[in-house]
Structures are given as structure tokens and as C-alpha cells.
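What follows is a single structure, written as C-alpha cells, with notes after it.
The values are calculated or read from the model by the stated rules, or taken from the named source; none is laboratory data. Everything numeric here is computed off the predicted structure, so don't read it as measured data. Here the Cβ is made from the backbone with ideal geometry for all residues, glycine too, and neighbour counts use every protein chain on show.
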There are 2 protein chains.
Amino acid sequence: MKNECLNCACVMKSMQSLKSCQLEQLESNHAVVQFRKGDPIIKQGMFSTNVVFLKSGLVKIHITGPYHEQIVRLAKAPTYLGLPTTIGDKINQYSVTAVQDSEVCFIDLNIFKRVLEENKDFSSHIILELCKSELESYRRCANRTQKQTRGNLADVLLDLSENVFESAEFVLPISQSDIGNLVDASRESVNRLLSELMNDGIIRMEGRKIEILNKSSLQLISQNG
Amino acid sequence: MKNECLNCACVMKSMQSLKSCQLEQLESNHAVVQFRKGDPIIKQGMFSTNVVFLKSGLVKIHITGPYHEQIVRLAKAPTYLGLPTTIGDKINQYSVTAVQDSEVCFIDLNIFKRVLEENKDFSSHIILELCKSELESYRRCANRTQKQTRGNLADVLLDLSENVFESAEFVLPISQSDIGNLVDASRESVNRLLSELMNDGIIRMEGRKIEILNKSSLQLISQNG
DNA sequence: AATATTTTGTGATATGTATCACTTTTTAGA
DNA sequence: TCTAAAAAGTGATACATATCACAAAATATT
């Protein structure tokens, strides 16, 4: 129990810079909670005074758009969740929902802020993380809006395979309608395009189990729409 | 000359927290440069060791997408430019171009970082700014992708009127093809939709001079596509 | 095990926008 | 002031993708 934060610190660069006294501060002011697939972890519009750290699992980050809820991205552990939303104002500006069973650590915001002020390295790391995250969001948006659905779908499959599951074979963690949402397309289009990829022998599908048979083709589609 | 940074500090919340000795540090390590309309201020891919602060003027932030350059947003003074791109790695991750004559202050990155470490309030403000900026980029992306062109165009006009020029009458600072880029539409579509707005008596246009005649209609279009 | 609910699969049709092609107007440069 | 280049205006056509409408399959739920 006592070395939980230490464990996280071994994984996250931003936490490695913490001194043991600071780790203890976090230690005694955090709560680890289990979430089941489908459970909401952060809800947009809700008041929150905790920094949320995803220890294990996979989540979707989604935001209320002008017409419908939109999945911004998937995030896998270990990572902070809702840093910008928590630090900015205390009302969550987006939602986070578990798409796989997840383990989440809630850290008191004031303690977190105090540690942030006490430790320059830590705050540098957090700043760096925020910077990267913003740049990433620019890139993601440029992709979403410029590529057509086929290319974005290929990207999602490649991302799941390469970054999330690190395997050519994996089980889709979200429904086709969620995928549609993630690539700004209708559920039907996603379905049709997946069938197309199957027929072309680029992927194999059995239910939600997917195997990427021809990665280079998929990369080509990602590039050329 | 000597009180230039002080002037900025009067305007920017993040700089108000600076002590006079820290202001002096910035003072002696910055350079103010004038840019003409159309001049590039930050170029994606270039090496940079300066934090860039827009003292006056209006710029467009644009990024290389998979198919073409995309305008992420317009930014008006006073504001930092490319904070995330500069702090993150030193290679600019996006470009900034003046769309009106602008005055820009280049601050040495190391000095900026030192002040960031020395002054907790300052670093808190910067963190806050980065957080807000990331949230804003999520929202912008949700809008871009969910709304159709008519709605996004209405948004641009409203934004220019309300936030940038603070007047119902203003001169478009960018071309129709740039507007198209900003709302993910072709130049032709933008042109047609602008004509439509004119015909419907919602705006008046003479060259690039625009007057919003019916703001509430425009707001309705912004909401309902 | 039976029933309700969600997810998936697929055709037919509608539609917002891109693209092409060309002209006119405006702006910038020599 | 003349000329070249960029920007704006507008029709015709093409196309990716949404939407609608159902059926089949898979998952939850009681």
C-alpha cells in the first residue's frame, strides 16, 4: 500500500522528480478506485478537486459538441486524465469513460498544486506534458478534418495495434458507432469501410477481434485517404 | 525603452506576478521586432530558442496537415505565440504568420525558463494558460468537425466581430480562401455562403469590408448549421 | 433460459461540398 | 501607370458520406 505512489513514480517521468517527502504527501492524500468497462470516471460539467491519474486500463476522452458527444481520443495508462480540466477551473470540461476495466488514482488538487510549486522539475515536466498534449491535439484535428473517413479509420486501427495493444491482433475496445464518432463518420460508414478492408484482405475480423494482415496497405490508406 | 516589459506586465495576467528584478532579466534579453502583414513570424520545422510574445497585431496559427496547410486559429495581441512549440522541443511544431502589421517580442527561452522556475505565480499562470488553450483546442475541433460550413463560417464572422474587432463592422483580415481553410471548406463554398448571407440581408459586404446586420440570425446559423 | 437491448450488416436515396472551368475584379509590383 | 498576380464570383458536375429503413446477430438483463 505504502509504495503505490513510488510505483507510479517509476513509470511516469513527471513523477520521477519527486522527493520522498513529496511522494509521502501524495501517498496520504490519494485514493485508488477501480472502474469497470463502461463506467464514467470524469463527467463534464461536474465539480472536481482531484487530479486524476490512470494507473491501468484504457479510457475514452469525450466532449459535448454542438450537436453530439464527440470522442476526442483514447488514452491508455499510465497517464494523467483531465489535467487541463482540473487545473484550469474546477468544473470538468470534458468526460472520461473507461472502455476497459481501469484503476484510477485520485489525488487531492491542493496537494498536487503544492508539490507542483515545491518541485521545479515536477512542474517543468507537467508543463512539458501540457505542451505536447496541445500540439498533439492540433495534429489530431488537422488529420480528422483533412483526411477522409477511410484514412482516419486506418489511423485508428494502426493506433490501436501499434500504441495501445502493441500487437497485430487485438479486440476492438469500442463499438463501431464509437469508432464512427472518433473519426467523424456515421456508424454505417465505418461498418462499410471495415467490410471493405476485410474484402481487400487487409484485415481479418471475427466479431470484435481484429487482425491486421497487411499493415503497409493500411499505412498507405492512412496516407492517401 | 526600459519599461517595455513593464507595459506587457500591465496587460498580461501571467506577467503581473513578475518581480522587478525578473522583469529586468526579461528586459535585457528580449528583442522587439516589427512584422508586416503577410510576414512569417514562426515557421514550422525551424529551430527556435525564443519565447514569442505578440505585443500588437493579429496573426494566424497554421500547421502542416496530411494534405495541405491548415489554419488552426487566429490570435490577437496580447498573447504568447508558440508557447507549447517552444517549450516542448525547440523545433517549431506550427507556423505563425502576421495577417495584420504586428509587433512581436522575442524572449530568450533560457531566461524565460529561469523566471518560470523562480516565480511560482508566473509558472502557475503559464500552466493555467496552457490548460485553457488545450481545452479550447478540443472545443474548436469538435465544432469544426460537427458543424457544417455555414455554421462554422457564421462562427468566424461572429468571432471576428465580437472578439477581434469588437465591432459589427470590420475589414476581413484574411482572404476567402484562408477562411475556407479555417473552416475546412473550399474557397468556392465560402464565397457562395457569403453571397447567401448577403442576399438574406444578414451581412453587408463591400470588398473585404463586412457589416453584420443581423447578429441574432448569424448566431442562429452558428447553432443550427 | 427467455427477453430486452445494443450492436452490426447492408441496400436505396438524399445532400452538402469539392472540384473543374472560366470570368471578373482587386491588389501588388515594376 | 501599366502589367502581372492574386483574389473573388459563379455555373455545372461529381462524389463521399449521411440518413433512412430493416434484418440479423450478439450482449445484457431478469
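Values for this structure:
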quantity: Residue satisfying all of: in the stretch B:53-91; among the aromatic types (Phe, Trp, Tyr) and under 25 Å from A:His125 (Cβ atoms); surrounded by the most Cβ atoms within 10 Å (Cβ to Cβ) among these; calculated: B:Phe53
quantity: Unmet criterion (only one of (1) in contact with a helix residue (DSSP H, G or I) (Cβ under 8 Å, 6 or more places away or on another chain); (2) more than 13 Å from chain A (Cβ to nearest Cβ)) for B:Gln34; calculated: (1)
quantity: Residue in the stretch A:165-178 that is on the phi > 0 side of the Ramachandran plot, more than 13 Å from DNA strand D (Cβ to nearest atom) and out of contact with any Phe, Trp or Tyr (no Cβ under 6 Å at 6 or more places or on another chain) present; calculated: yes
quantity: Where B:Arg204 falls short, out of the listed (1) basic (Lys, Arg); (2) more than 9 Å from DNA strand D (Cβ to nearest atom); (3) touching a Ser or Thr at 6+ places or on another chain (Cβ under 9 Å); calculated: (3)
quantity: Residue match in the stretch B:170-180 (condition: β-branched (Val, Ile, Thr), closer than 30 Å to B:Thr64 by Cα and exposed (fewer than 14 other Cβ atoms within 10 Å of the Cβ)); calculated: yes
quantity: Candidate set: the stretch B:179-193, residues that are under 18 Å from B:Glu162 (Cβ atoms) and out of contact with any strand residue (DSSP E or B) (no Cβ under 6 Å at 6 or more places or on another chain); chosen: the one farthest from DNA strand D (Cβ to nearest atom); calculated: B:Val183
quantity: Condition met for B:Ser133 (under 29 Å from A:Gly82 (Cα atoms), more than 16 Å from DNA strand C (Cβ to nearest atom) and in contact with a Pro (Cβ under 9 Å, 6 or more places away or on another chain)); calculated: yes
quantity: Breaking point among (1) farther than 28 Å from B:Lys147 by Cα; (2) surrounded by fewer than 20 Cβ atoms within 10 Å (Cβ to Cβ); (3) outside the structural domain of A:Ala77 (by TED's automatic domain parsing), for A:Leu197; calculated: (2)
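Here is a yes/no grid of residues against (1) free of Cβ contacts under 8 Å to residues at least 40 places away in the same chain; (2) under 24 Å from A:Gly38 (Cβ atoms):
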position: A:Lys147; (1), (2): no, no
position: A:Leu153; (1), (2): no, yes
position: A:Ser161; (1), (2): no, yes
position: A:Ser175; (1), (2): yes, yes
position: A:Ile179; (1), (2): yes, yes
position: A:Val183; (1), (2): yes, yes
